[in-house]
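Worksheet: the structure to be examined is printed underneath.
The values are calculated or read from the model by the stated rules, or taken from the named source; none is laboratory data. For clarity, every value in this text was computed on a predicted model and none was experimentally measured. Cβ placement follows ideal geometry from the backbone for every residue including glycine, while neighbour counts extend to all protein chains displayed. For accessibility, only protein heavy atoms count, side chains too; no ligands or nucleic acids. Shrake-Rupley method; radii C 1.70, N 1.55, O 1.52, S 1.80 Å.
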Amino acid sequence: MSRRDYRRNALAIIYMHVVTNKDIDVIIDENTFASSTGDFIAPLALDEEMLDACYRVEERFDTYIRVIDSRIKDGWRFERLGRLEQSILLLALSEFEQGFQEKAIIVNEAVNLAKEFADEHSFKLINGVLDSL
């Protein structure tokens, strides 16, 4: 798998965490079970770095929200963002904290995820918030 595929899978897991508030381990276990019992759900494989990023989001969720809220402009708050935009920002913050990749790479990947999966103009918000960190 490519690094981008691992990042997409991490985004899917974080998105499920944001939407359902389930523990990361539960989400991974449910995906493993569902993908092993049929071919209608793909397994969400992660490398060590992306697995660690998912756990960081779970552990530091409230801290990351405060950081994001401090950078969003025009009276917006984290809770007003779409769940996908929230998930992309959370993943990027966890990657920043890991320090394995340069900031520019993380921002670029987050923007690409937003362009691929989120609303048409969401990438601008993602880019602005992450650039300000």
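With the Cα gyration tensor of the chain in hand, give its eigenvalues times 5 under a square root as the equivalent ellipsoid semi-axes, listed largest first in whole angstrom. It would help to have the intermediate numbers written out before the result.
Working: eigenvalues 117, 47, 41 Å².
After diagonalising the Cα gyration tensor, the semi-axes are 24, 15, 14 Å.
Give me the percent of accessible area attributable to carbon and sulfur for the chain, probe 1.4 angstrom.
Details: 3660 of 7350 Å².
The nonpolar share, carbon plus sulfur, comes to 50 percent.
Using a probe radius of 1.4 Å on heavy atoms only, what accessible surface per residue do you get for the chain? Whole Å² is fine. Kindly include the intermediate steps, with their values, before the conclusion.
Values: 7350 Å² over 133 residues.
Heavy-atom accessible area per residue stands at 55 Å².
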Among 122, 32, 19, which residue has its Cα positioned farthest towards the positive end of the charge dipole of the chain, with +1 placed on the Cβ of Lys and Arg, -1 on the Cβ of Asp and Glu, and the dipole taken about the Cα centre? 122
At what distance in angstrom do the alpha carbon centres of segment 1-20 and segment 34-57 lie from each other? 7
Hits among lysines - C-alpha to C-alpha of residue 73 under 17 Å, sequence gap 8 or more where chains match: 124
For segment 1-81, what's the relative contact order in percent, using C-alpha pairs closer than 8 Å and at least 6 residues apart? 28
Amide H to amide H under 5 Å from residue 76: which residues, 5+ apart in sequence or cross-chain, H placed 1.01 Å off N in plane? none
